[in-house]
Amino acid sequence: MILISHRGNINGKDESKENKPSYIVDAIRKGYNVEVDFWYDNGKFVLGHDEPQYSIPIDFIENYYRYLWIHCKNHDALSKLVEIDRGGVYFNYFWHDTDDVIITSKGYMWANPGTYIEGSIAVMPEYKKDEIEGRLGVCSDFIINYE
């Protein structure tokens, strides 16, 4: 099963650290994939949930792309990733709004809470007590609980 830390969180939500590059790297070094909130703002790559917070060089994405699930937070971020990695050859990125399920650039089904699809990634299954049996992976703030 693919274990995906939500914004770098492993054992509970820590909003003061979420999407911080060092927090993400720490989760990766502990063996997890990480969902990150990604912006392209004024010609810069930036991480942050509700707004761009942490500027990062493209090298950050290039160095850790095997472990990142890149949630594009604005249209410019999505457009820029399509431009530099057409078809998701390297990066695994996606955009969503209120969809029950989306398909990432690498072809993974990303199923939001309350949506069960066998072979999908269960996002925050603890919110709605979603079944994880038959899932390809889980994304959670409490990813340590799914080991």
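Quick notes on this structure:
- On Cα atoms only, tilt of 75-84 relative to the major axis of the chain in degrees: 80 degrees
- Accessible area of region 1-139 divided out per residue, in Å², using a probe of 1.4 angstrom: 52 Å²
- Among VAL82, VAL123, VAL46, the largest mean-square fluctuation in a Gaussian network model of the chain (Cα springs under 10 Å) belongs to VAL82.
- Sequence ranges 86-98, 7-19, ranked by mean other-Cβ count within 10 angstrom, highest first: 7-19, 86-98
- Springs between Cα atoms under 10 Å define the GNM used for the chain, and in it the highest mean-square fluctuation of ILE103, ILE121, ILE70 occurs at ILE103.
- Candidate values [x] 41, 29, 24; [y] 47, 32, 27; [z] 49, 33, 32 were compared with Cα extents along the principal axes in Å computed on the shown model; the agreeing label is [x].
- Theoretical FRET efficiency, 1/(1+(r/R0)^6), r = Cβ-Cβ of GLU83 and GLU133, R0 41 Å, to 0.05: 0.60
- All-pairs alpha carbon distance profile, region 68-147, 5 Å steps from 0, percent: 3, 16, 24, 23, 17, 10, 6, 1
- Region 55-147, accessible surface, carbon-and-sulfur percent (1.4 angstrom probe): 49 percent
- Förster-model FRET efficiency, 41 Å R0, ASP26 and THR115, C-beta, rounded to 0.05: 0.85
- Cα-centred dipole magnitude for region 21-147, charges only on beta-carbon of K, R (+1) and D, E (-1), debye, nearest 20: 340 debye
The values are calculated or read from the model by the stated rules, or taken from the named source; none is laboratory data. None of the values given here were measured: they were computed from a predicted structure. A quick note on method: Cβ atoms are made from the backbone with ideal geometry, for glycine too, and the neighbour counts reach across all protein chains shown. Calculation scope for accessible area: heavy atoms of the full protein, side chains included, ligands and nucleic acids excluded. Shrake-Rupley method; radii C 1.70, N 1.55, O 1.52, S 1.80 Å.
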